[in-house]
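The block underneath contains the structure these notes are about, expressed in C-alpha coordinates.
The values are calculated or read from the model by the stated rules, or taken from the named source; none is laboratory data. Nothing here was measured: the structure is a model prediction, and the numbers come from that model. Every residue, glycine as well, gets a Cβ built from its backbone with ideal geometry; the counts of neighbours run over all protein chains shown. For the accessible areas, the whole protein counts, side chains as well, though only heavy atoms, and no ligand, DNA or RNA atoms are used. Shrake-Rupley method; radii C 1.70, N 1.55, O 1.52, S 1.80 Å.
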2 protein chains.
Amino acid sequence: MTDTPVSLTPTQLSAYFAFTEVSSLLRPAVEKQLRDVGALSYVQFQLLARLGDSPDGTLRMTDLADGVVYSRSGLTYQAQLLEQRELITRSPSPDDERSTVAAITGAGREVLQEVFPGHIRVVRELLFASLSEADVDDLARILGKVAGHLRAAPPRSAAPRRRR
Amino acid sequence: MTDTPVSLTPTQLSAYFAFTEVSSLLRPAVEKQLRDVGALSYVQFQLLARLGDSPDGTLRMTDLADGVVYSRSGLTYQAQLLEQRELITRSPSPDDERSTVAAITGAGREVLQEVFPGHIRVVRELLFASLSEADVDDLARILGKVAGHLRAAPPRSAAPRRRR
DNA sequence: CTTACTTGCTTCGAATTCGAAGCACTTTAA
DNA sequence: TTAAAGTGCTTCGAATTCGAAGCAAGTAAG
(Lines give C-alpha, C1' and ligand atoms only; values in the text may rest on other atoms or scores of the structure.)
Protein backbone atom coordinates (compact mmCIF):
# COMPACT_ATOMS: atom_id res chain seq x y z
CA MET A 1 0.00 0.00 0.00
CA THR A 2 1.52 3.28 -1.00
CA ASP A 3 1.78 6.27 1.24
CA THR A 4 -1.36 8.39 0.99
CA PRO A 5 -1.34 11.88 2.45
CA VAL A 6 -3.97 12.65 5.06
CA SER A 7 -5.25 15.73 3.36
CA LEU A 8 -5.46 17.39 -0.01
CA THR A 9 -3.06 20.11 -1.02
CA PRO A 10 -4.41 23.65 -0.71
CA THR A 11 -4.66 23.85 -4.48
CA GLN A 12 -6.56 20.59 -4.67
CA LEU A 13 -8.89 21.86 -1.98
CA SER A 14 -9.65 25.04 -3.83
CA ALA A 15 -10.12 23.16 -7.09
CA TYR A 16 -12.53 20.79 -5.36
CA PHE A 17 -14.49 23.56 -3.65
CA ALA A 18 -14.66 25.60 -6.82
CA PHE A 19 -15.88 22.56 -8.70
CA THR A 20 -18.69 21.82 -6.27
CA GLU A 21 -19.64 25.47 -6.11
CA VAL A 22 -19.82 25.87 -9.87
CA SER A 23 -21.74 22.66 -10.12
CA SER A 24 -24.34 23.65 -7.58
CA LEU A 25 -24.79 27.14 -8.96
CA LEU A 26 -24.87 26.20 -12.63
CA ARG A 27 -27.38 23.42 -12.29
CA PRO A 28 -30.37 25.36 -10.91
CA ALA A 29 -29.83 28.08 -13.51
CA VAL A 30 -29.89 25.58 -16.32
CA GLU A 31 -32.91 23.86 -14.83
CA LYS A 32 -34.83 27.08 -14.56
CA GLN A 33 -34.29 27.89 -18.22
CA LEU A 34 -35.34 24.41 -19.32
CA ARG A 35 -38.44 24.53 -17.20
CA ASP A 36 -39.44 28.01 -18.29
CA VAL A 37 -38.95 27.46 -22.00
CA GLY A 38 -39.75 23.82 -22.56
CA ALA A 39 -41.31 22.60 -19.32
CA LEU A 40 -38.51 20.07 -19.15
CA SER A 41 -36.59 18.87 -16.14
CA TYR A 42 -32.85 18.63 -16.55
CA VAL A 43 -33.06 14.87 -16.74
CA GLN A 44 -35.77 15.02 -19.38
CA PHE A 45 -33.65 17.38 -21.42
CA GLN A 46 -30.67 15.09 -21.18
CA LEU A 47 -32.75 12.12 -22.25
CA LEU A 48 -34.16 13.96 -25.25
CA ALA A 49 -30.74 15.30 -26.17
CA ARG A 50 -29.19 11.87 -26.07
CA LEU A 51 -31.97 10.42 -28.16
CA GLY A 52 -31.67 13.31 -30.58
CA ASP A 53 -27.96 12.64 -30.92
CA SER A 54 -28.42 8.96 -31.57
CA PRO A 55 -28.15 8.06 -35.28
CA ASP A 56 -31.68 6.68 -35.50
CA GLY A 57 -33.15 8.64 -32.58
CA THR A 58 -33.35 5.45 -30.61
CA LEU A 59 -31.75 3.99 -27.48
CA ARG A 60 -32.34 1.19 -25.04
CA MET A 61 -33.55 2.25 -21.61
CA THR A 62 -30.44 0.97 -19.87
CA ASP A 63 -28.11 2.81 -22.23
CA LEU A 64 -30.11 5.96 -21.65
CA ALA A 65 -29.82 5.54 -17.90
CA ASP A 66 -26.09 4.93 -18.05
CA GLY A 67 -25.64 7.89 -20.36
CA VAL A 68 -27.15 10.34 -17.93
CA VAL A 69 -25.88 8.58 -14.80
CA TYR A 70 -29.31 7.96 -13.50
CA SER A 71 -31.13 5.21 -11.65
CA ARG A 72 -33.20 2.87 -13.74
CA SER A 73 -36.32 3.36 -11.72
CA GLY A 74 -35.93 7.10 -12.03
CA LEU A 75 -35.59 6.69 -15.76
CA THR A 76 -38.81 4.68 -15.94
CA TYR A 77 -40.57 7.53 -14.18
CA GLN A 78 -39.20 10.28 -16.41
CA ALA A 79 -39.73 8.23 -19.55
CA GLN A 80 -43.38 7.83 -18.58
CA LEU A 81 -43.72 11.59 -18.34
CA LEU A 82 -42.01 12.11 -21.69
CA GLU A 83 -44.19 9.45 -23.26
CA GLN A 84 -47.36 11.07 -21.91
CA ARG A 85 -46.31 14.30 -23.56
CA GLU A 86 -45.57 12.31 -26.71
CA LEU A 87 -42.00 13.54 -26.86
CA ILE A 88 -40.76 9.95 -26.97
CA THR A 89 -42.24 6.53 -27.66
CA ARG A 90 -41.38 3.27 -25.97
CA SER A 91 -41.65 -0.11 -27.61
CA PRO A 92 -40.27 -3.56 -26.95
CA SER A 93 -37.10 -4.39 -28.81
CA PRO A 94 -37.49 -6.94 -31.62
CA ASP A 95 -34.11 -8.45 -30.75
CA ASP A 96 -34.71 -8.92 -27.07
CA GLU A 97 -38.21 -9.07 -25.67
CA ARG A 98 -36.98 -7.77 -22.33
CA SER A 99 -35.61 -4.57 -23.76
CA THR A 100 -37.55 -1.38 -24.20
CA VAL A 101 -36.41 0.94 -26.93
CA ALA A 102 -37.06 4.64 -26.50
CA ALA A 103 -37.38 6.80 -29.61
CA ILE A 104 -37.64 10.56 -29.88
CA THR A 105 -40.69 11.85 -31.76
CA GLY A 106 -41.04 14.84 -34.06
CA ALA A 107 -42.60 16.77 -31.20
CA GLY A 108 -39.63 15.79 -29.07
CA ARG A 109 -37.22 17.21 -31.62
CA GLU A 110 -39.27 20.41 -31.78
CA VAL A 111 -39.05 20.90 -28.05
CA LEU A 112 -35.32 20.33 -28.23
CA GLN A 113 -35.03 23.00 -30.90
CA GLU A 114 -37.02 25.44 -28.79
CA VAL A 115 -34.94 24.85 -25.73
CA PHE A 116 -31.45 24.69 -27.21
CA PRO A 117 -30.72 28.37 -27.85
CA GLY A 118 -31.57 29.43 -24.34
CA HIS A 119 -29.73 26.49 -22.90
CA ILE A 120 -26.63 27.44 -24.79
CA ARG A 121 -26.99 31.05 -23.76
CA VAL A 122 -27.14 30.14 -20.08
CA VAL A 123 -24.11 27.90 -20.34
CA ARG A 124 -22.13 30.50 -22.21
CA GLU A 125 -23.02 33.30 -19.84
CA LEU A 126 -22.49 31.37 -16.65
CA LEU A 127 -19.74 28.91 -17.44
CA PHE A 128 -17.73 30.52 -20.21
CA ALA A 129 -18.28 34.27 -20.01
CA SER A 130 -15.37 34.82 -17.66
CA LEU A 131 -12.94 32.46 -19.42
CA SER A 132 -10.38 33.01 -22.14
CA GLU A 133 -10.06 30.64 -25.07
CA ALA A 134 -6.98 29.15 -23.49
CA ASP A 135 -8.93 28.58 -20.29
CA VAL A 136 -11.63 26.74 -22.17
CA ASP A 137 -9.03 24.59 -23.89
CA ASP A 138 -7.45 23.73 -20.56
CA LEU A 139 -10.78 23.06 -18.93
CA ALA A 140 -11.86 20.72 -21.70
CA ARG A 141 -8.56 18.89 -21.64
CA ILE A 142 -8.40 18.49 -17.87
CA LEU A 143 -12.01 17.57 -17.27
CA GLY A 144 -11.82 15.25 -20.26
CA LYS A 145 -9.03 13.40 -18.50
CA VAL A 146 -11.04 13.15 -15.31
CA ALA A 147 -14.16 12.01 -17.13
CA GLY A 148 -12.20 9.29 -18.89
CA HIS A 149 -10.77 8.20 -15.58
CA LEU A 150 -14.23 8.05 -14.01
CA ARG A 151 -15.75 6.21 -16.93
CA ALA A 152 -13.17 3.49 -16.39
CA ALA A 153 -15.00 2.58 -13.19
CA PRO A 154 -17.95 0.28 -13.84
CA PRO A 155 -21.20 2.09 -14.62
CA ARG A 156 -23.91 2.22 -12.03
CA SER A 157 -26.24 -0.17 -13.72
CA ALA A 158 -23.49 -2.80 -13.79
CA ALA A 159 -23.51 -3.03 -10.02
CA PRO A 160 -23.89 -6.70 -9.11
CA ARG A 161 -27.28 -7.61 -7.85
CA ARG A 162 -27.70 -9.10 -4.45
CA ARG A 163 -28.46 -12.81 -4.29
CA ARG A 164 -32.00 -13.69 -3.42
CA MET B 1 -26.85 44.03 -27.99
CA THR B 2 -23.73 42.33 -29.20
CA ASP B 3 -23.65 39.49 -31.64
CA THR B 4 -24.09 36.16 -29.87
CA PRO B 5 -23.23 32.97 -31.71
CA VAL B 6 -25.96 30.38 -32.02
CA SER B 7 -23.88 27.56 -30.66
CA LEU B 8 -20.91 26.84 -28.50
CA THR B 9 -17.51 26.11 -29.96
CA PRO B 10 -16.56 22.44 -30.09
CA THR B 11 -14.11 22.98 -27.28
CA GLN B 12 -16.74 24.70 -25.16
CA LEU B 13 -19.07 21.81 -25.83
CA SER B 14 -16.59 19.22 -24.74
CA ALA B 15 -15.68 21.25 -21.67
CA TYR B 16 -19.37 21.51 -20.78
CA PHE B 17 -20.07 17.83 -21.35
CA ALA B 18 -17.00 16.78 -19.42
CA PHE B 19 -18.04 19.04 -16.58
CA THR B 20 -21.52 17.59 -16.31
CA GLU B 21 -20.20 14.08 -16.62
CA VAL B 22 -17.61 14.51 -13.90
CA SER B 23 -20.18 16.17 -11.73
CA SER B 24 -22.71 13.39 -12.06
CA LEU B 25 -20.18 10.62 -11.56
CA LEU B 26 -18.34 12.19 -8.66
CA ARG B 27 -21.37 13.07 -6.63
CA PRO B 28 -22.86 9.58 -6.10
CA ALA B 29 -19.42 8.23 -5.21
CA VAL B 30 -18.93 10.88 -2.57
CA GLU B 31 -22.44 10.33 -1.28
CA LYS B 32 -21.94 6.63 -0.94
CA GLN B 33 -18.82 7.08 1.16
CA LEU B 34 -20.50 9.61 3.43
CA ARG B 35 -23.50 7.39 3.91
CA ASP B 36 -21.45 4.27 4.57
CA VAL B 37 -19.05 5.82 7.03
CA GLY B 38 -21.06 8.50 8.78
CA ALA B 39 -24.67 7.91 7.75
CA LEU B 40 -24.63 11.43 6.36
CA SER B 41 -26.21 12.73 3.22
CA TYR B 42 -24.07 15.01 1.10
CA VAL B 43 -26.07 18.00 2.24
CA GLN B 44 -25.71 17.05 5.88
CA PHE B 45 -21.98 16.72 5.42
CA GLN B 46 -21.77 20.13 3.81
CA LEU B 47 -23.77 21.68 6.62
CA LEU B 48 -21.58 20.11 9.29
CA ALA B 49 -18.43 21.04 7.42
CA ARG B 50 -19.50 24.66 7.10
CA LEU B 51 -20.40 24.83 10.75
CA GLY B 52 -17.11 23.19 11.66
CA ASP B 53 -15.27 25.80 9.61
CA SER B 54 -17.05 28.69 11.23
CA PRO B 55 -14.95 30.42 13.93
CA ASP B 56 -17.44 29.72 16.70
CA GLY B 57 -19.09 26.66 15.14
CA THR B 58 -22.21 28.70 14.57
CA LEU B 59 -24.17 30.02 11.59
CA ARG B 60 -27.59 31.42 10.85
CA MET B 61 -29.91 29.11 8.92
CA THR B 62 -30.07 31.42 5.93
CA ASP B 63 -26.30 31.71 5.68
CA LEU B 64 -26.05 27.96 5.87
CA ALA B 65 -28.57 27.58 3.06
CA ASP B 66 -26.81 30.11 0.87
CA GLY B 67 -23.48 28.48 1.56
CA VAL B 68 -24.55 25.12 0.26
CA VAL B 69 -26.87 26.50 -2.44
CA TYR B 70 -29.90 24.90 -0.97
CA SER B 71 -33.54 25.76 -0.46
CA ARG B 72 -34.52 27.04 2.93
CA SER B 73 -37.26 24.51 3.41
CA GLY B 74 -34.86 21.74 2.52
CA LEU B 75 -32.45 23.09 5.07
CA THR B 76 -35.12 23.05 7.76
CA TYR B 77 -35.69 19.39 7.00
CA GLN B 78 -32.03 18.39 7.09
CA ALA B 79 -31.35 20.50 10.15
CA GLN B 80 -34.15 18.65 11.94
CA LEU B 81 -32.48 15.36 11.14
CA LEU B 82 -29.09 16.60 12.30
CA GLU B 83 -30.65 17.98 15.47
CA GLN B 84 -32.37 14.66 16.21
CA ARG B 85 -28.99 12.97 15.97
CA GLU B 86 -27.60 15.71 18.21
CA LEU B 87 -24.94 16.65 15.71
CA ILE B 88 -26.13 20.26 15.78
CA THR B 89 -28.29 22.41 18.03
CA ARG B 90 -30.68 25.14 16.99
CA SER B 91 -31.55 28.11 19.10
CA PRO B 92 -33.08 31.51 18.53
CA SER B 93 -30.64 34.33 17.95
CA PRO B 94 -30.38 36.84 20.77
CA ASP B 95 -29.94 39.66 18.24
CA ASP B 96 -32.95 38.89 16.10
CA GLU B 97 -35.83 36.86 17.45
CA ARG B 98 -36.64 35.63 13.93
CA SER B 99 -33.26 34.07 13.36
CA THR B 100 -32.30 30.55 14.26
CA VAL B 101 -28.65 29.90 14.93
CA ALA B 102 -27.30 26.44 14.23
CA ALA B 103 -24.28 25.23 16.18
CA ILE B 104 -22.25 22.08 15.69
CA THR B 105 -21.94 19.84 18.76
CA GLY B 106 -19.03 17.74 19.95
CA ALA B 107 -20.70 14.69 18.48
CA GLY B 108 -21.02 16.57 15.22
CA ARG B 109 -17.31 17.29 15.16
CA GLU B 110 -16.59 13.65 15.90
CA VAL B 111 -18.66 12.50 12.95
CA LEU B 112 -16.85 15.00 10.75
CA GLN B 113 -13.52 13.58 11.89
CA GLU B 114 -14.66 10.05 11.11
CA VAL B 115 -15.86 10.94 7.68
CA PHE B 116 -13.12 13.27 6.49
CA PRO B 117 -10.33 10.81 5.66
CA GLY B 118 -12.53 8.68 3.43
CA HIS B 119 -14.05 11.73 1.85
CA ILE B 120 -10.64 13.04 0.96
CA ARG B 121 -9.59 9.65 -0.36
CA VAL B 122 -12.57 9.46 -2.70
CA VAL B 123 -11.98 12.97 -4.00
CA ARG B 124 -8.31 12.32 -4.54
CA GLU B 125 -8.84 9.02 -6.31
CA LEU B 126 -11.69 10.15 -8.51
CA LEU B 127 -10.99 13.79 -9.19
CA PHE B 128 -7.24 14.18 -8.88
CA ALA B 129 -5.68 10.78 -9.51
CA SER B 130 -5.37 11.34 -13.24
CA LEU B 131 -4.16 14.95 -13.05
CA SER B 132 -0.70 16.48 -12.90
CA GLU B 133 0.13 19.24 -10.47
CA ALA B 134 -0.05 21.74 -13.30
CA ASP B 135 -3.50 20.44 -14.20
CA VAL B 136 -4.69 20.93 -10.65
CA ASP B 137 -3.31 24.45 -10.64
CA ASP B 138 -5.11 25.24 -13.87
CA LEU B 139 -8.33 23.65 -12.69
CA ALA B 140 -8.33 25.61 -9.45
CA ARG B 141 -7.55 28.85 -11.26
CA ILE B 142 -10.17 28.40 -13.98
CA LEU B 143 -12.98 27.11 -11.82
CA GLY B 144 -12.14 29.77 -9.28
CA LYS B 145 -12.78 32.36 -11.95
CA VAL B 146 -16.09 30.78 -12.86
CA ALA B 147 -17.18 30.47 -9.25
CA GLY B 148 -16.42 34.11 -8.66
CA HIS B 149 -18.42 35.02 -11.72
CA LEU B 150 -21.38 32.94 -10.53
CA ARG B 151 -21.24 34.31 -7.03
CA ALA B 152 -21.68 37.76 -8.47
CA ALA B 153 -25.25 36.79 -9.36
CA PRO B 154 -27.63 37.30 -6.44
CA PRO B 155 -27.96 34.29 -4.13
CA ARG B 156 -31.03 32.15 -4.28
CA SER B 157 -32.47 33.28 -1.00
CA ALA B 158 -32.44 36.87 -2.27
CA ALA B 159 -35.10 36.08 -4.85
CA PRO B 160 -37.88 38.64 -4.45
CA ARG B 161 -40.98 37.31 -2.86
CA ARG B 162 -44.34 37.50 -4.56
CA ARG B 163 -46.76 40.11 -3.28
CA ARG B 164 -49.63 38.81 -1.22
C1' DC C 1 -35.07 -30.31 -21.95
C1' DT C 2 -34.87 -28.22 -17.57
C1' DT C 3 -32.98 -25.96 -13.88
C1' DA C 4 -30.39 -22.11 -12.27
C1' DC C 5 -28.46 -17.84 -13.12
C1' DT C 6 -28.35 -13.40 -15.54
C1' DT C 7 -30.29 -9.31 -17.49
C1' DG C 8 -33.87 -5.48 -18.61
C1' DC C 9 -37.31 -3.08 -16.93
C1' DT C 10 -41.15 -1.77 -13.77
C1' DT C 11 -43.52 -1.30 -9.36
C1' DC C 12 -43.39 -0.10 -4.73
C1' DG C 13 -42.41 2.45 -0.50
C1' DA C 14 -39.47 5.60 1.88
C1' DA C 15 -36.77 9.64 1.77
C1' DT C 16 -35.65 14.02 -0.07
C1' DT C 17 -36.47 18.17 -2.51
C1' DC C 18 -38.69 22.43 -3.81
C1' DG C 19 -41.84 26.50 -3.91
C1' DA C 20 -45.90 28.57 -2.03
C1' DA C 21 -48.08 30.02 1.88
C1' DG C 22 -48.08 31.20 6.66
C1' DC C 23 -46.36 32.99 11.11
C1' DA C 24 -43.54 35.90 13.85
C1' DC C 25 -40.45 39.50 14.35
C1' DT C 26 -38.08 43.79 12.45
C1' DT C 27 -37.64 47.86 9.84
C1' DT C 28 -39.42 51.74 7.28
C1' DA C 29 -42.08 55.60 6.60
C1' DA C 30 -45.92 58.41 7.19
C1' DT D 1 -47.12 55.67 17.09
C1' DT D 2 -48.73 52.73 13.82
C1' DA D 3 -49.54 50.74 9.39
C1' DA D 4 -47.04 48.64 5.62
C1' DA D 5 -43.37 46.29 3.83
C1' DG D 6 -39.42 43.27 4.52
C1' DT D 7 -36.96 39.29 6.54
C1' DG D 8 -36.17 34.54 8.81
C1' DC D 9 -37.81 30.38 9.32
C1' DT D 10 -41.22 26.54 9.22
C1' DT D 11 -45.15 23.88 7.50
C1' DC D 12 -47.47 21.92 3.79
C1' DG D 13 -48.34 19.43 -0.48
C1' DA D 14 -46.63 17.91 -4.84
C1' DA D 15 -42.95 16.08 -7.45
C1' DT D 16 -38.81 13.52 -7.87
C1' DT D 17 -35.41 10.30 -6.51
C1' DC D 18 -33.45 5.96 -5.08
C1' DG D 19 -32.88 0.99 -3.89
C1' DA D 20 -35.15 -3.28 -3.03
C1' DA D 21 -38.08 -6.54 -4.75
C1' DG D 22 -40.63 -8.58 -8.48
C1' DC D 23 -41.62 -10.16 -13.19
C1' DA D 24 -40.44 -11.71 -17.64
C1' DA D 25 -37.17 -13.03 -21.09
C1' DG D 26 -32.62 -14.72 -22.28
C1' DT D 27 -28.49 -17.78 -21.44
C1' DA D 28 -25.66 -21.44 -19.63
C1' DA D 29 -24.85 -25.93 -17.60
C1' DG D 30 -26.07 -30.43 -16.80
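The table for this structure:
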item	result
Calculated label separations, A:P10, copies of the chain, 7 Å along the beta-carbon direction, nm	4.0
Long-range HN-HN contacts of B:Y70 with modeled amide H, under 5 Å	none
GluC sites (Glu not before Pro) within region A:65-107: DSSP coil, no more than 12 neighbouring Cβ in 10 Å	A:E86, A:E97
Between region A:1-57 and region B:52-117, the Cα center-to-center distance that results, in Å	26
Amide H within-cut-off set for B:V101, under 5 Å, with H built and near neighbours excluded	B:S91, B:S93
Where labels lie 7 Å past Cα in the beta-carbon direction, separation of B:A152 and B:T100 in nm	3.5
Electrostatic dipole magnitude of the protein assembly as shown [Cβ: Lys, Arg +1; Asp, Glu -1; Cα centre; debye, to 20]	1080
With eigenvalues of the C-alpha gyration tensor scaled by 5 and rooted, region B:9-78, Å	28, 16, 11
Chain A - percent of accessible surface contributed by carbon and sulfur, probe 1.4 Å	52
Accessible-area value, B:T105, 1.4 Å probe, nucleic acids and ligands omitted, Å²	30
Kirkwood Rh, angstrom, chain A [1 / mean 1/r, Cα pairs]	18.4
Dipole-positive endmost among A:L47, A:H119, B:L150 within the protein assembly as shown (Cβ charges, Cα centre)	A:L47
Whole-Hz couplings from phi, Karplus 6.51/-1.76/1.60, listed for region B:58-66; x for Gly and Pro	9, 8, 6, 4, 5, 5, 4, 4, 4
Cα point-scatterer Debye curve for the protein assembly as shown, base-10 log of I(q)/I(0) at q = 0.13 Å⁻¹	-1.15
Using a 7 Å Cα-to-Cβ projection, B:A129 label spacings across copies, nm, ascending	3.7
Highest-MSF residue in chain B out of B:R98, B:R109, B:R85 [GNM, Cα springs under 10 Å]	B:R98
Furthest towards positive pole of dipole, B:A65, B:L82, B:Y16, structure part region B:15-115, Cβ charges	B:Y16
For chain A: relative contact order, % (alpha-carbon pairs under 8 angstrom, 6 or more apart)	24
Using θ = phi - 60° and Karplus 6.51 cos²θ - 1.76 cosθ + 1.60, couplings along region A:98-110 (whole Hz; Gly, Pro as x)	6, 6, 10, 9, 9, 9, 6, 9, x, 4, x, 5, 4
Stretch gain in nm, segment A:S91-A:D63, where the contour uses 0.36 nm per residue and the Cα spacing is subtracted	8.6 nm
Within chain B: Cβ-based charge dipole about Cα centre, in debye rounded to nearest 20 (Lys, Arg +1; Asp, Glu -1)	780
Formal net charge of residues neighbouring B:Q113 (Cβ-Cβ distance under 15 Å; K, R +1; D, E -1)	-1
Value at 222 nm in deg cm²/dmol, rounded to 500, when DSSP H runs of n ≥ 4 in chain B each add -39,500 (n - 2.57)	-20500 deg cm²/dmol
Buried solvent-accessible surface, both chains (A, B), 1.4 Å probe, Å² to nearest 100	4900
Residue (of B:V30, B:G106, B:P94) at the positive-pole extreme of region B:15-115, dipole from beta-carbon charges	B:V30
Calculated from backbone phi, Karplus (6.51, -1.76, 1.60) coupling profile of region B:124-132 in Hz, x at Gly/Pro	5, 5, 8, 8, 10, 4, 9, 10, 7
Region A:26-153, accessible area per residue, ligands and nucleic acids excluded (1.4 Å, Å²)	49
